[in-house]
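First up is the structure itself, then whatever we jot down about it.
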Amino acid sequence: MTEQLADTSNSKPVVSMVEAKLNNATSQSLNISEAQAKNTIAAAKLRTKIKKLEKQLSVRANDKKQMELEGLQAELDALQAVL
């Protein structure tokens, strides 16, 4: 036990390590343009719609919804090409 207390050669307290990591995380600036943020949000909305349509189509086939799904997937692909 006394060896553990005496051995402080290269050990940092856990709290100071966590504080250092938090300071590094908060000091880093995010370089995200407004357009990129909007595209990311739009892509998330499209993925949500696609998932909902896929779930509906798994229960019952519907040509109109299948066409809508294909259109949304194409739109998402185009949007992801920009990102």
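We did not get these values from a lab; they are worked out from the coordinates using the rules stated. Being a predicted model, the structure only gives us computed values, none of them experimental. For neighbour counting, all protein chains shown are included, and Cβ atoms are generated from backbone atoms with ideal geometry for every residue, glycine included.
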task: Convert each backbone phi in the range 33-39 into a coupling constant with the Karplus relation 6.51 cos²θ - 1.76 cosθ + 1.60 (shift: θ = phi - 60°), then list the ³J(HN,Hα) values in order as whole Hz, x for Gly and Pro.
output: 6, 5, 5, 5, 5, 5, 5
Cβ-based exposure ranking for Asp77, Asp63, in which fewest neighbours within 10 Å come first: Asp63, Asp77
message: Pairwise over distinct Cα atoms, reciprocal of the mean inverse distance: report the Kirkwood radius of the range 34-83 in Å, one decimal place.
response: 11.3
message: Give me the net charge for the shell around Gln66: Cβ to Cβ below 12 angstrom, other residues only, Lys and Arg +1, Asp and Glu -1.
response: -1
